[in-house]
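Chemist: One structure, pasted below without further comment.
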Protein chains: 2
Amino acid sequence: MANDEKLAPWEELRELIERSDTERLTRFLEELGTAEMARAISRLAQNDQSRLLGLLDPSEAAELIEDVAEVQAVDMIAELPPERAAAIVEELPSDRRADLLAQLGSSESEAILDEMEPAEARDARQLLAYPSDCAGGLMITEFLAYRAEQTVTDVRQDLERNRERYAGYDVQYLYVLGEAEALVGVLRMRDLLFPSSGARLDSLMIRSPISVPAELPIEELERVFDEHHLFGVPVVDGAQRLLGVVLPEAVEEHLRKRAVRQVLGISGIVGGEELRTLPLHVRSGRRLSWLSLNVVLNLIAASVIASYQDTIAAVITLAVFLPIISDMSGCSGNQAVAVSMRELTLGLVKPRELARVLAKESSLGIVNGLALGSLLGTVAYLWQGNVWLGAVVGAALALNTLVSVSLGGVLPLVLRRLGLDPALVSGPVLTTVTDMCGFFLLLSFATTVLPRLA
Amino acid sequence: MANDEKLAPWEELRELIERSDTERLTRFLEELGTAEMARAISRLAQNDQSRLLGLLDPSEAAELIEDVAEVQAVDMIAELPPERAAAIVEELPSDRRADLLAQLGSSESEAILDEMEPAEARDARQLLAYPSDCAGGLMITEFLAYRAEQTVTDVRQDLERNRERYAGYDVQYLYVLGEAEALVGVLRMRDLLFPSSGARLDSLMIRSPISVPAELPIEELERVFDEHHLFGVPVVDGAQRLLGVVLPEAVEEHLRKRAVRQVLGISGIVGGEELRTLPLHVRSGRRLSWLSLNVVLNLIAASVIASYQDTIAAVITLAVFLPIISDMSGCSGNQAVAVSMRELTLGLVKPRELARVLAKESSLGIVNGLALGSLLGTVAYLWQGNVWLGAVVGAALALNTLVSVSLGGVLPLVLRRLGLDPALVSGPVLTTVTDMCGFFLLLSFATTVLPRLA
């Protein structure tokens with residue numbers, strides 16, 4: 001297998017880690033480029049990944065942490081001794097740092113915070129105190145703020161002195177603070193180009209700038225950016241003190257992660273993102289936790305079939321249509337779930353507007369139920385030459401489509417009101433109910449007209 | 001029903017539209033706020049939405065267009081006469097404009113482009129020529145560029161003169177152009193604060209700045225931003241001429257939209273996003289196009305059951321387990337699909353690495369297959385007291401889990417190589433194959449040991 005002449009990047013990386021050759025390691029990672037590096041690291045065993053972080057100096061390790069997938073970064077940091085992890089975490093920008101710490105277990109993140117410099121740790125704890133989907137959780141704490149009575153010269157001197165430290169700051173805006181550190185104005189960098197050096201900031205600034213409270217939810221933040229075309233919005237506390245700045249890309253990034261979690265949730269990937277480098281028992285265990293629940297729900301649904309065994313014994317053909325009705329109703333219902341989740345996200349429907357959604361979906365359920373029922377009923381009739389079979393199959397699918405589309409439409413609204421995640425919960429609930437209902441409709445209709453079917 | 005004392009916002013809006021009361025309309029929309037406005041507009045009939053756009057002046061209409069959901073904006077613009085649409089579209093920022101035009105039919109967007117000012121239309125056509133998921137399709141064309149021999153004073157004067165026009169520009173950076181308009185350097189706004197007024201830009205600028213070609217795909221752009229912490233990256237053509245600037249939020253926003261499309265695709269919402277304000281026949285027709293395909297696939301899968309009717313007649317209990325095996329295999333397979341799609345997105349797996357994914361998923365498939373097979377087999381045995389039934393059911397689910405997990409893992413890679421969208425195609429293909437395979441395994445095993453089951 002091994003071929004010394006042409007090692008894959010990850011094999012070469014593993015060798016350098018084993019030889020603890022920091023210098024060549026650093027050079028090799030640089031030459032690889034971000035994409036190849038992320039892929040190579042994802043191939044390493046978990047302890048090799050952590051050894052790699054241990055070999056690099058903290059600022060290089062922090063850069064690497066920013067380049068790999070977030071789920072991987074969390075795992076790598078979790079494996080390190082806290083003081084080593086703290087040194088790396090200190091090098092990260094404030095928002096990344098908070099994201100990372102928030103995803104570690106609370107005992108792990110506390111251990112790391114205890115090893116950090118007190119001031120940095122205090123900042124990080126402050127950010128961690130906010131939920132990740134509100135302004136406080138999304139803001140960065142690297143911003144430029146000056147006192148109202150300072151002059152253009154003061155600012156210029158400060159910028160000149162701290163050139164390097166400010167390099168990664170949000171420097172579209174300079175924030176101006178008044179009494180008790182309250183935010184009173186904002187200046188754009190270019191506003192400093194024209195005035196005379198002695199001009200005070202409060203004579204130049206835009207007064208009463210747009211600001212948001214730390215508790216503002218992300219949906220509202222998105223609207224603020226849609227409406228005002230800002231390159232950053234200041235976050236303030238109840239006393240109007242400046243806490244941080246939310247950048248538009250932070251909002252977009254968080255909403256993207258949320259959409260990704262929806263894809264994973266719908267697909268039954270729970271307990272966090274899964275990469276194939278995770279140990280088999282972790283991947284298998286997480287997937288099984290979800291699947292086991294589904295086995296139970298499936299058994300509950302199938303128990304309906306069990307109580308109609310005599311009917312199936314008389315008309316074996318029904319066994320062919322049971323899985324079809326189950327699957328088709330699931331498909332119809334999932335479409336309605338997706339539209340409701342989307343309208344909730346876009347703010348076009350409120351969780352209490354059940355009646356409106358029900359009216360919209362039930363009319364669609366009738367149309368699509370009639371269409372699908374006619375189609376499947378006709379197939380059943382043509383296949384067995386029994387018009388009653390066609391009628392039973394068609395009517396069962398038609399009615400069950402109406403049920404599943406209506407249920408699928410309102411379910412996300414109800415779950416949202418109950419504080420449950422529609423992406424995770426809608427699928428299993430919908431499938432179980434529509435399966436039971438579909439099996440019952442088909443088999444009870446069949447039982448009613450049994451002499452005509454047999 | 002109607003209650004004059006308390007109209008819902010959308011009813012009040014409809015009344016104002018009917019009365020064509022532009023002045024009160026403008027005021028009413030302002031007072032509503034973005035969230036309520038978007039919701040109210042989404043409730044209006046389609047022709048009322050377009051009449052509303054017609055009543056507002058173009059810049060107000062453009063603001064409104066930016067505030068409503070994109071799918072809605074496209075529908076509203078499509079309904080307007082081209083010259084009216086053109087007046088509104090001209091007021092949008094360049095990237096929004098290109099997004100909107102790209103989503104209209106090509107005859108509709110051409111009609112609007114023909115009505116636009118020639119210079120604006122040329123810019124818009126240039127952006128439209130790039131695919132939406134590469135640097136050229138994501139860039140804005142509002143940026144500040146100066147010639148290398150210009151001085152700090154020249155720039156200051158230009159900024160002063162064009163204050164208003166530059167308000168919405170990406171002004172973190174000033175781009176410096178050399179001979180033949182080639183990009184030769186970049187300056188941050190604050191770099192202009194310190195030097196003497198007569199200094200030439202080429203004496204101050206950062207030389208050979210990071211730039212990307214217009215064809216660079218979005219995944220690579222994401223890496224550029226991850227690596228360099230830039231607030232914008234210049235886009236150049238083959239001759240290094242500056243074409244535009246990509247902002248990090250544009251990249252995040254596009255990736256978010258892609259994740260949303262995945263959610264919709266997985267859920268069977270095809271042919272574009274669906275809002276409940278769309279006419280019933282459109283919503284029903286789009287959903288049915290997807291469902292009809294699924295009926296056919298379901299019939300193909302169920303035909304396997306039809307050929308084993310004698311076995312089912314002998315052991316009716318099997319009918320109970322058919323839908324369970326179908327559903328459970330679907331769940332297991334979808335988990336593997338989700339992980340593969342995610343690893344593809346993160347660049348952690350390449351479409352040609354089938355063998356690696358197959359090895360990883362098949363080992364997981366064996367573990368989970370054994371677990372689920374034992375569980376369901378035990379239930380079957382306990383229920384009927386027949387150990388052979390337990391063995392048949394358990395073995396069928398175990399083997400089919402292996403098949404579905406392995407297939408689910410490699411399917412997105414294969415589809416990507418074939419240029420198909422894994423989010424849309426994986427589900428139906430997976431379900432059909434694993435249903436057929438599951439039905440065959442259960443019923444053929446049962447047939448083999450039939451005397452022991454009956």
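Chemist: Look at B:ARG342 and say whether it is farther than 18 Å from A:LEU293 by Cα, buried (at least 20 other Cβ atoms within 10 Å of the Cβ) and either out of contact with any strand residue (DSSP E or B) (no Cβ under 9 Å at 6 or more places or on another chain) or more than 10 Å from chain A (Cβ to nearest Cβ) (or both). I'd like the intermediate steps shown before the answer.
Modeler: Numbers: farther than 18 Å from A:LEU293 by Cα: yes; buried (at least 20 other Cβ atoms within 10 Å of the Cβ): yes; either out of contact with any strand residue (DSSP E or B) (no Cβ under 9 Å at 6 or more places or on another chain) or more than 10 Å from chain A (Cβ to nearest Cβ) (or both): yes.
Yes: the conditions hold for B:ARG342.
Chemist: Given (1) open to solvent by 50 Å² or more (accessible area, probe 1.4 Å); (2) hydrophobic (A, V, I, L, M, F, W, C); (3) under 22 Å from A:VAL357 (Cα atoms), identify the lone condition not met by A:VAL387.
Modeler: Of the numbered conditions (1) open to solvent by 50 Å² or more (accessible area, probe 1.4 Å); (2) hydrophobic (A, V, I, L, M, F, W, C); (3) under 22 Å from A:VAL357 (Cα atoms), the odd one out for A:VAL387 is (3).
Chemist: When the residues of the stretch B:165-182 are filtered to those that are assigned to a strand (DSSP E or B) and in contact with a helix residue (DSSP H, G or I) (Cβ under 8 Å, 6 or more places away or on another chain), which remaining residue is surrounded by the most Cβ atoms within 10 Å (Cβ to Cβ)? Even if it seems obvious, please write down each step before you answer.
Modeler: Within the stretch B:165-182, the first condition is being assigned to a strand (DSSP E or B), and the residues that meet it are B:173-177, B:182.
Subset that is in contact with a helix residue (DSSP H, G or I) (Cβ under 8 Å, 6 or more places away or on another chain): B:173-174, B:176.
Numbers: B:TYR173: 22, B:LEU174: 24, B:VAL176: 28.
Result: B:VAL176.
Chemist: Out of the residues in the stretch B:147-161 that are assigned to a helix (DSSP H, G or I) and β-branched (Val, Ile, Thr), which is farthest from B:PRO195 (Cα to Cα)? Break it down stepwise before answering.
Modeler: Residues of the stretch B:147-161 assigned to a helix (DSSP H, G or I): B:152-161.
Keeping just the survivors that are β-branched (Val, Ile, Thr) gives B:152-153, B:155.
Numbers: B:VAL152: 8, B:THR153: 10, B:VAL155: 12 Å.
By that ranking, first place goes to B:VAL155.
Chemist: Output the residue which, of all residues in the stretch B:252-272 that are more than 7 Å from chain A (Cβ to nearest Cβ) and closer than 18 Å to A:GLY347 by Cα, is most open to solvent (accessible area, probe 1.4 Å).
Modeler: Here is the first cut: in the stretch B:252-272, the residues more than 7 Å from chain A (Cβ to nearest Cβ) are B:254, B:257-258, B:261, B:265, B:270-272.
This time we only want the ones that are closer than 18 Å to A:GLY347 by Cα, so: B:257, B:261.
Values: B:LYS257: 58, B:ARG261: 134 Å².
Filtering first and then ranking leaves B:ARG261.
Chemist: Suppose we keep only residues that are closer than 23 Å to A:LEU322 by Cβ and free of Cβ contacts under 8 Å to residues at least 40 places away in the same chain within the stretch B:288-299. Which one would you say is farthest from the other protein chains (Cβ to nearest Cβ)? Before the answer, list the steps.
Modeler: Going residue by residue through the stretch B:288-299, those that are closer than 23 Å to A:LEU322 by Cβ are B:288, B:290-299.
Restricting the remaining residues to those that are free of Cβ contacts under 8 Å to residues at least 40 places away in the same chain gives B:288, B:290-292, B:295-296, B:299.
Values: B:LEU288: 6, B:TRP290: 7, B:LEU291: 6, B:SER292: 7, B:VAL295: 6, B:VAL296: 9, B:LEU299: 6 Å.
Restricting to residues being closer than 23 Å to A:LEU322 by Cβ and free of Cβ contacts under 8 Å to residues at least 40 places away in the same chain, the top hit is B:VAL296.
Chemist: Looking for something closer than 25 Å to B:VAL260 by Cα and at pLDDT 95 or above - is there at least one such residue anywhere in the stretch A:371-382?
Modeler: Going through the stretch A:371-382, the residues closer than 25 Å to B:VAL260 by Cα turn out to be none.
No; the residues of the stretch A:371-382 include none that is closer than 25 Å to B:VAL260 by Cα and at pLDDT 95 or above.
Chemist: Here's a follow-up. If the Cβ limit is 8 Å and pairs must be 6+ apart or interchain, which residue in the stretch B:212-229 that is at the interface with chain A (Cβ under 9 Å from one of its Cβ atoms) and within 18 Å of A:GLU30 (Cα to Cα) pairs with which residue that is open to solvent by 40 Å² or more (accessible area, probe 1.4 Å) and of a type in the set (Gly, Ala, Ser)?
Modeler: Pairs found: B:HIS229/A:GLY168.
Chemist: Would you be able to tell me the number of residues in the stretch B:183-242 that are open to solvent by 50 Å² or more (accessible area, probe 1.4 Å), among the charged types (D, E, K, R) and over 26 Å from the mean Cα position of the chain (by Cα)?
Modeler: 4
Chemist: Residues being surrounded by 15 or more Cβ atoms within 10 Å (Cβ to Cβ), without any contact (Cβ under 8 Å) to a residue 40 or more places away in the chain and within 36 Å of the chain's Cα centre (by Cα): count how many of those fall in the stretch A:132-164.
Modeler: Final tally of qualifying residues: 2.
Chemist: Additional query: Against the condition among the β-branched types (Val, Ile, Thr) and within 9 Å of chain A (Cβ to nearest Cβ), how does B:THR378 come out, does it pass? Talk me through it step by step, then tell me what you get.
Modeler: Details: among the β-branched types (Val, Ile, Thr): yes; within 9 Å of chain A (Cβ to nearest Cβ): no.
No: the conditions fail for B:THR378.
Chemist: Quick one: which residue in B:GLY238, B:GLY185 is over 22 Å from A:PHE194 (Cβ atoms), part of a loop (DSSP other than H, G, I, E, B), more than 13 Å from chain A (Cβ to nearest Cβ) and small (Gly, Ala, Ser)? Give the steps one after another, and end with the answer.
Modeler: Numbers: B:GLY185 fails: part of a loop (DSSP other than H, G, I, E, B).
One residue alone meets the criteria, B:GLY238.
Chemist: Going through the stretch B:345-369 one residue at a time, which ones are surrounded by fewer than 15 Cβ atoms within 10 Å (Cβ to Cβ) and more than 30 Å from the chain's Cα centre (by Cα)?
Modeler: Hit for the stretch B:345-369 is B:ALA359, nothing else.
Chemist: Another question, then. Tell me whether the stretch B:386-405 contains one or more residues that are in contact (Cβ under 8 Å) with a residue 12 or more places away in the chain, within 11 Å of chain A (Cβ to nearest Cβ) and farther than 27 Å from B:ALA259 by Cβ.
Modeler: yes
Chemist: Let me ask something else about it. I want to confirm something. Restricting to the stretch A:300-315 and keeping residues that are facing chain B (nearest Cβ under 7 Å) and buried (at least 18 other Cβ atoms within 10 Å of the Cβ), which single residue is farthest from A:THR448 (Cα to Cα)? So that I can check it myself, show each step before the final result.
Modeler: Filtering the stretch A:300-315 for residues facing chain B (nearest Cβ under 7 Å) gives A:302, A:305-306, A:309, A:312-313.
Filter again for buried (at least 18 other Cβ atoms within 10 Å of the Cβ), leaving A:302, A:305, A:312.
Numbers: A:ALA302: 20, A:ILE305: 15, A:ILE312: 13 Å.
Going through the qualifying residues, I end up with A:ALA302.
Chemist: Given the conditions (1) touching a helix residue (DSSP H, G or I) at 6+ places or on another chain (Cβ under 9 Å); (2) closer than 21 Å to B:VAL152 by Cα; (3) touching a residue at least 24 places away in the same chain (Cβ under 8 Å), and given that A:PHE194 satisfies all but one, which numbered condition is not satisfied?
Modeler: Single failed check for A:PHE194: (3).
Chemist: Within the group B:LEU299, B:LEU264, which residue is assigned to a helix (DSSP H, G or I), at pLDDT 90 or above and either among the basic types (Lys, Arg) or over 14 Å from the mean Cα position of the chain (by Cα) (or both)?
Modeler: On the way: B:LEU264 fails: either among the basic types (Lys, Arg) or over 14 Å from the mean Cα position of the chain (by Cα) (or both).
B:LEU299 is the lone residue from the list that is assigned to a helix (DSSP H, G or I), at pLDDT 90 or above and either among the basic types (Lys, Arg) or over 14 Å from the mean Cα position of the chain (by Cα) (or both).
Chemist: While we're on this one: All but one of (1) open to solvent by 30 Å² or more (accessible area, probe 1.4 Å); (2) within 33 Å of the chain's Cα centre (by Cα) hold for B:SER329; which doesn't?
Modeler: For B:SER329, the exception is condition (1).
The values are calculated or read from the model by the stated rules, or taken from the named source; none is laboratory data. These numbers were taken from a predicted model, which means no experiment stands behind them. Backbone-built Cβ (ideal geometry, glycine too); neighbour counts: all protein chains shown. The accessibility values were calculated without ligands, DNA or RNA, using every heavy atom of the protein model including side chains. Shrake-Rupley method; radii C 1.70, N 1.55, O 1.52, S 1.80 Å.
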